[in-house]
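The structure appears right after this line, and notes come after that.
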Amino acid sequence: VQLVESGGGLVQAGGSLSLSCTASGRMFSINNMGWYRQAPGKERELVAVVSRGGSTNYPASVKGRFTISRNKNTVYLQMNNLKPEDTAVYYCFANDEVAYWGQGTQVTVSS
């Protein structure tokens, strides 16, 4: 499974950005798709996940601001009311028995 991300960039606090990630390859066994992020000096953390059945999950830090959606082999992340602490490299992932990762895309939120 290959994952190709797009989107990201620089935005002021309070602004919005959207990310997308398109998967190709052996998709029939993929269950969850979603996004993690990693800020400098911090561990990678889950941002949002959507299951094959459409169930979603978010950590408290982004709930109400971020929305994940999925359409066939593409997963989207709409990020609103961005904060400087959202600055990180965002990684798309998909998993069946193993996890597959995208190359990462930078999101920078200026104060």
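The numbers here are math on the coordinates, done by the rules we state, and not lab data. Treat the numbers as computed from the prediction; the structure is a model and nothing was measured.
Backbone phi angles across segment 56-68, fed through the Karplus curve with coefficients 6.51, -1.76 and 1.60 (θ = phi - 60°), yield HN-Hα couplings of 10, 8, 9, x, 4, 5, 10, 4, x, 10, 9, 9, 9 Hz in residue order; Gly and Pro are listed as x.
Listed values for segment 21-31 are Karplus-derived 3J(HN,Hα) couplings in whole Hz (6.51 cos²θ - 1.76 cosθ + 1.60, θ = phi - 60°), namely 8, 10, 9, 9, x, 6, 7, 5, 9, 6, 9, and x replaces Gly and Pro.
Sorting the Cα pairs of the chain by distance into bins of 5 Å, from 0 upward, gives 2, 13, 25, 26, 18, 9, 4, 1, 0 percent per bin. The 3J(HN,Hα) values that the Karplus relation (6.51, -1.76, 1.60; θ = phi - 60°) gives for segment 78-91 are, in residue order, 9, 10, 10, 6, 5, 10, x, 6, 7, 4, 4, 8, 9, 10 Hz. Gly and Pro appear as x. Residues whose amide H falls under 5 Å from that of PHE66, counting only those 5 or more places apart or on a different chain, are ASN80, with hydrogens built in the peptide plane.
Excluding same-chain neighbours fewer than eight residues apart, the lysines reachable from LYS83 by a Cα-Cα span under 23 Å are LYS42, LYS63.
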